[in-house]
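Student: Below is a structure I'd like to ask you about.
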Amino acid sequence: QQQVKQSPQSLIVQKGGISIINCAYENTAFDYFPWYQQFPGKGPALLIAIRPDVSEKKEGRFTISFNKSAKQFSLHIMDSQPGDSATYFCAASIEGGSYIPTFGRGTSLIVHP
Amino acid sequence: DGGITQSPKYLFRKEGQNVTLSCEQNLNHDAMYWYRQDPGQGLRLIYYSQIVNDFQKGDIAEGYSVSREKKESFPLTVTSAQKNPTAFYLCASSSNTDTQYFGPGTRLTVL
């Protein structure tokens, strides 16, 4: 049973456009929602994360929007650049507990110059 | 320079051989994890350990084994029982269950 559903599986945008990746979760006990960025042949690295006490978090061109009632969260990449081309994973976990993080299946983003 | 190291970067295995992938961290993290990554499959959890001398099976543990004799080290053995071991293997660690820090990965190919 997939507890975090991520979409789309792949995404192609033009340079300067907005990239949007969505995730939906089922377990209402989740209280930590990170996004990881992975370049080809490398390990994933934390990009940005949010906790459910806020509805939005912005770091530079990257923004997480969180909708607790809908159990959804999304990553927005503004002014997308070719260097943003990577695979993005959302995840959900229970902070400080023994629950193992659940990852979405990933979104392959290609930004054309 | 803190972080997670994995070795080797590339590994080739003949059918029927066991191979061991190394994972070391100097972040003083209690928890360590092994994931397998296949194209389009995301990250699948093989084994995890939250304390020295203890580890738990993940979603796809069959054909794999681990040990956790030291806090810094969490080696993964891919045994001959693993029928389709060709994949990208990622080790991660965390101080609790929120942010995970990943190593650079080992790409295993069966010849």
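The values are calculated or read from the model by the stated rules, or taken from the named source; none is laboratory data. In this text the structure is predicted, and so the values were computed from the model without any measurement. Here the Cβ is made from the backbone with ideal geometry for all residues, glycine too, and neighbour counts use every protein chain on show.
Student: Tell me, which strands (runs of 3 or more DSSP E) wholly within region A:46-87 include 1 or more residues that are of a type in the set (Ser, Thr, Tyr)?
Tutor: Qualifying strands (runs of 3 or more DSSP E): A:62-67, A:72-77.
Student: Now for a different question. Looking only at region A:14-22, decide whether some residue is within 14 Å of chain B (Cβ to nearest Cβ), in contact (Cβ under 8 Å) with a residue 40 or more places away in the chain, exposed (fewer than 15 other Cβ atoms within 10 Å of the Cβ) and assigned to a loop (DSSP other than H, G, I, E, B).
Tutor: no
Student: Moving on. Given the conditions (1) surrounded by 13 or more Cβ atoms within 10 Å (Cβ to Cβ); (2) within 10 Å of chain B (Cβ to nearest Cβ), report the number of the one that residue A:10 does not fulfil.
Tutor: (1)
Student: Right, next: Based on what the data block shows, is residue B:71 surrounded by fewer than 15 Cβ atoms within 10 Å (Cβ to Cβ) and out of contact with any helix residue (DSSP H, G or I) (no Cβ under 8 Å at 6 or more places or on another chain)?
Tutor: It is false that residue B:71 is surrounded by fewer than 15 Cβ atoms within 10 Å (Cβ to Cβ) and out of contact with any helix residue (DSSP H, G or I) (no Cβ under 8 Å at 6 or more places or on another chain).
To keep it simple, each residue is scored yes or no on (1) more than 9 Å from chain B (Cβ to nearest Cβ); (2) exposed (fewer than 15 other Cβ atoms within 10 Å of the Cβ); (3) within 16 Å of residue B:98 (Cβ to Cβ); (4) not β-branched (Val, Ile, Thr).
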{"residue": "A:30", "(1), (2), (3), (4)": "yes, no, yes, yes"}
{"residue": "A:34", "(1), (2), (3), (4)": "no, no, yes, yes"}
{"residue": "A:43", "(1), (2), (3), (4)": "no, no, no, yes"}
{"residue": "A:58", "(1), (2), (3), (4)": "yes, yes, no, yes"}
{"residue": "A:63", "(1), (2), (3), (4)": "yes, no, no, no"}
{"residue": "A:85", "(1), (2), (3), (4)": "yes, no, no, yes"}
{"residue": "A:100", "(1), (2), (3), (4)": "no, no, yes, no"}
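Student: So residue B:68 fits all but one of (1) over 16 Å from residue B:22 (Cα atoms); (2) part of a loop (DSSP other than H, G, I, E, B); what number is the exception?
Tutor: Result: residue B:68 passes all but (1).
Student: Among the residues of region B:1-30, write down those that are more than 16 Å from residue B:78 (Cβ to Cβ) and more than 9 Å from every other protein chain (Cβ to nearest Cβ).
Tutor: Matches in region B:1-30: B:1, B:2, B:3, B:5, B:24, B:25, B:26, B:27, B:28, B:29, B:30.
Student: Mind checking which strands (runs of 3 or more DSSP E) fall wholly inside region B:1-56 and carry at least 1 residues that are free of Cβ contacts under 8 Å to residues at least 12 places away in the same chain, surrounded by 12 or more Cβ atoms within 10 Å (Cβ to Cβ) and more than 11 Å from the chain's Cα centre (by Cα)?
Tutor: Because the criterion is at least 1 residues that are free of Cβ contacts under 8 Å to residues at least 12 places away in the same chain, surrounded by 12 or more Cβ atoms within 10 Å (Cβ to Cβ) and more than 11 Å from the chain's Cα centre (by Cα), the strands (runs of 3 or more DSSP E) in region B:1-56 that meet it are B:42-51.
Student: Would you tally the residues in region B:74-111 being surrounded by 15 or more Cβ atoms within 10 Å (Cβ to Cβ) and within 14 Å of another protein chain (Cβ to nearest Cβ)?
Tutor: The qualifying residues number 21.
Student: Among the residues of region A:23-39, count how many are touching a Phe, Trp or Tyr at 6+ places or on another chain (Cβ under 9 Å), part of a loop (DSSP other than H, G, I, E, B) and more than 22 Å from residue B:59 (Cα to Cα).
Tutor: 0
Student: OK, next. Under 7 Å between Cβ atoms, which residue pairs at least 6 apart in sequence (or on different chains) link something in region A:41-63 that is touching a residue at least 24 places away in the same chain (Cβ under 8 Å) with a partner that is among the polar types (S, T, N, Q)?
Tutor: Cβ pairs passing all conditions: A:44/A:37; A:44/A:38; A:47/A:37.
Student: Answer yes if at least one residue in region A:70-82 is under 25 Å from residue A:26 (Cβ atoms) and within 14 Å of another protein chain (Cβ to nearest Cβ), and no otherwise.
Tutor: no
Student: Pick out the one residue from A:94, A:64, A:77 that is out of contact with any His (no Cβ under 6 Å at 6 or more places or on another chain) and at pLDDT below 95.
Tutor: Going through A:94, A:64, A:77 in turn, just one is out of contact with any His (no Cβ under 6 Å at 6 or more places or on another chain) and at pLDDT below 95: A:94.
Student: Moving on. If residue A:42 satisfies every condition in (1) under 12 Å from the mean Cα position of the chain (by Cα); (2) in a loop (DSSP other than H, G, I, E, B) but one, which is the exception?
Tutor: All conditions are met except number (1).
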